[in-house]
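In what follows, a single structure is set out as structure tokens and then discussed.
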């Protein structure tokens, strides 16, 4: 930001500007775009060649969203995290079909056109993998590397309740199985109440057909529930009076607890927050910094995000970007006047159920040190060093 | 949709399904994706190869959004309409600068990093070109061809009010000039009240940096106001006590009226609605059809969308997708039981100011037949023929 004197700027009546010495130093070093015609319109747009934000590919089964590069609340579809158990299948929408059977009056096969003929709804909500915490993160960890497995889209589809009424779900049906048509044939059991609450068969994402890695052409969407249960490339739903005890419900996605028991079917993603700026690898300078991040809860709306700039000693309520939507990433912002002293910045989400995002010690007390990496939502923080560099505040888990 | 008998479906305890004869006829003709591993994660995602929705390129200066292919309210950034007067420049963000001068205490040059250091806000709103009506549309016209020059994004940026306070806007400043750095060096005059209301300098679009054709790296965003005044590739703002009377405010974007006078500075885009389904080129069959579309108003929130399925004789209130946001595309849906008789479906938007989208005759009465093609928002309709084909209901303008 350069304050300039009046003599630096000589504006003519025609609107042209002659810049003086001080201003000239700021002039673009590249070719002046005002001096040559730009390119023509394109049928499908692309990002600026200067922009390089990418998902972080983590081996053959997942990739994470670059939260440190994003703004607002919508995740661009091309940067929505991926998690799959058998790769991304290439499903032909013309031959797509969904079978709904089991405890129903009228077992039925639906084509994609059939599904699209039913009344539709749209909603903006987050989707988070329950394994969304890197417990071995060192100082040089970005928000993407720490917790890139949550993203947000505007989803469009048909309420599952509509289809369950269409096929005549029987009163004794209490659960349903959702089965994908990927090479893992991923299956999960879901309580039928969720279908009659807010479950969708989603075929739209951010205005367009959902992306291949998000389950094209149709996925199950269970707002606020762990990503794995939002079965993609959905091909079959079977209604039953009990859960199906699938592989994903036994070997994984079940949480050992400190008291020696295990918690199954812990679907709801509890409230969490993640500071996205300033974080590794940025550096800051003294003065006002707008701390930013996202907070979300599978229980409903975020009601408050507290930010601490003194390693958790004191907390202040951050500003929440309106409108705050239920089960949605909510952007929070908090102004912090950094004096140059080393400190840690942290954030803590509170949702409309009254749930408060726990400290790491509380999580360990409940879950035990030997727990799996699923459903962990501790408060996390970032250390600002005297030289302005920012690193992840690492904390031991074992 | 195929109802199947219980004998068609033999579910085993392991969750595998053996489909009977009726069901087998529905099986995919392509390779079964469940039988082979899918592809690995990608750093940047792509649309399914089966999806072909594109912007309609209309000569060298614009392209339109394919509303007939879209769902929900967010326009994917790669399908956001384009309109430029000198092509799309390629601006290097590292050398980007914005000069604010004129009637200010402290003329200042801001780098992109300077702008990003100020407190930011995000909002979802539409952006519409004021020339968004094809008056010579024939029956074989899609919503994209009729009115593709409106799109919606979640924009992020710094309130212009913040910068005007930073540079010390003088009390006598009543207007400001916004100048782009494209080859047209597009300039527009904007009343300063808009800056202190809700104008943004936007650098984010749908979570990522704004797209090149949307003004990368920084554009002016005037929610609800005609697209042309939302100057892109913004390089200069000059404050003054009067409008600058630029080319775009004289040769174009001024509306001749029926009474022989002309209306200047008609910034606000009045309420409008557009049915997006069913429209040309789809065909429908008898029975329930979910009529869908978008409605928007530069005056604030849409409060009602009336739909007529009998060529305007009777009207019913459509369902509005919640939450309804101010100055935003709002999706409306209305169930219609089509009997097979020829009819015309139309929609009419009402906004919170009480404004009602006018019929074509009213528009012509006010504007005159010789008016320009700017700021026209008549009720439009689609004819469903007895064979189920849907065409645009063309209406003569002269």
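The values are calculated or read from the model by the stated rules, or taken from the named source; none is laboratory data. Keep in mind the model is a prediction, meaning the values are calculated, not measured. Neighbour counts are summed over all protein chains in view; Cβ atoms, including those assigned to glycine, are modelled from backbone coordinates with ideal geometry.
Taken over segment B:326-347, the criterion of being surrounded by fewer than 22 Cβ atoms within 10 Å (Cβ to Cβ) and either within 17 Å of the chain's Cα centre (by Cα) or closer than 29 Å to residue B:198 by Cα (or both) is satisfied by B:326 alone.
Just the residues that are away from chain B (no Cβ under 12 Å) and over 24 Å from the mean Cα position of the chain (by Cα), please, taken from segment A:177-192. Scanning segment A:177-192 gives a single hit, A:192. Within segment A:127-147, does at least one residue satisfy the condition of being surrounded by 24 or more Cβ atoms within 10 Å (Cβ to Cβ), part of a loop (DSSP other than H, G, I, E, B) and under 13 Å from the mean Cα position of the chain (by Cα)? Yes: one or more hits. If the condition is being in a strand (DSSP E or B) and either modelled with pLDDT under 95 or at the interface with chain A (Cβ under 7 Å from one of its Cβ atoms) (or both), then segment B:73-98 contributes B:82, B:88, B:97. If you filter segment B:271-294 down to residues that are assigned to a strand (DSSP E or B) and away from chain A (no Cβ under 14 Å), you find that the one that is farthest from the chain's Cα centre (by Cα) is B:275. Scanning for something part of a loop (DSSP other than H, G, I, E, B), modelled with pLDDT under 95, farther than 28 Å from residue A:113 by Cα and more than 24 Å from the chain's Cα centre (by Cα), does segment B:348-365 turn up at least one residue? No, segment B:348-365 contains no residue that is part of a loop (DSSP other than H, G, I, E, B), modelled with pLDDT under 95, farther than 28 Å from residue A:113 by Cα and more than 24 Å from the chain's Cα centre (by Cα). Residues that are within 15 Å of residue B:121 (Cβ to Cβ) and assigned to a loop (DSSP other than H, G, I, E, B) within segment B:211-227 comprise B:218, B:222, B:223, listed in sequence order.
The residue that is surrounded by the fewest Cβ atoms within 10 Å (Cβ to Cβ), among those in segment A:206-229 that are closer than 19 Å to residue A:298 by Cβ and touching a helix residue (DSSP H, G or I) at 6+ places or on another chain (Cβ under 8 Å), is A:228. Can you find even one residue in segment B:242-252 that is at pLDDT 95 or above, in contact with a helix residue (DSSP H, G or I) (Cβ under 9 Å, 6 or more places away or on another chain), within 14 Å of chain A (Cβ to nearest Cβ) and assigned to a loop (DSSP other than H, G, I, E, B)? Checked against the condition, which is being at pLDDT 95 or above, in contact with a helix residue (DSSP H, G or I) (Cβ under 9 Å, 6 or more places away or on another chain), within 14 Å of chain A (Cβ to nearest Cβ) and assigned to a loop (DSSP other than H, G, I, E, B), segment B:242-252 yields at least one hit.
Would you confirm, using the coordinates I've provided, whether residue B:171 is assigned to a loop (DSSP other than H, G, I, E, B), in the same structural domain as residue B:252 (by TED's automatic domain parsing) and in contact with a strand residue (DSSP E or B) (Cβ under 6 Å, 6 or more places away or on another chain)? Spelling it out, it is not the case that residue B:171 is assigned to a loop (DSSP other than H, G, I, E, B), in the same structural domain as residue B:252 (by TED's automatic domain parsing) and in contact with a strand residue (DSSP E or B) (Cβ under 6 Å, 6 or more places away or on another chain). Of everything in segment B:254-263 that is in a loop (DSSP other than H, G, I, E, B) and in contact with a strand residue (DSSP E or B) (Cβ under 8 Å, 6 or more places away or on another chain), the residue that is surrounded by the most Cβ atoms within 10 Å (Cβ to Cβ) is B:254.
For the criterion of being modelled with pLDDT of 95 or more, facing chain A (nearest Cβ under 7 Å) and either buried (at least 17 other Cβ atoms within 10 Å of the Cβ) or in contact with a helix residue (DSSP H, G or I) (Cβ under 6 Å, 6 or more places away or on another chain) (or both), residue B:66 fails. Within segment A:296-330, the set of residues being more than 20 Å from residue A:384 (Cβ to Cβ) and more than 14 Å from chain B (Cβ to nearest Cβ) comprises A:296, A:297, A:298, A:299, A:300, A:302, A:303, A:304, A:317. Looking across segment A:116-125, just one residue is crowded, with 23+ Cβ neighbours inside 10 Å and either more than 7 Å from chain B (Cβ to nearest Cβ) or not in a loop (DSSP other than H, G, I, E, B) (or both), and that is A:124.
The number of residues in segment B:375-397 that are in contact (Cβ under 8 Å) with a residue 40 or more places away in the chain and outside any strand (DSSP E or B) comes to 13.
If you go through segment B:99-110 and keep only what is within 30 Å of residue A:320 (Cβ to Cβ) and either in a loop (DSSP other than H, G, I, E, B) or more than 7 Å from every other protein chain (Cβ to nearest Cβ) (or both), you end up with just B:100.
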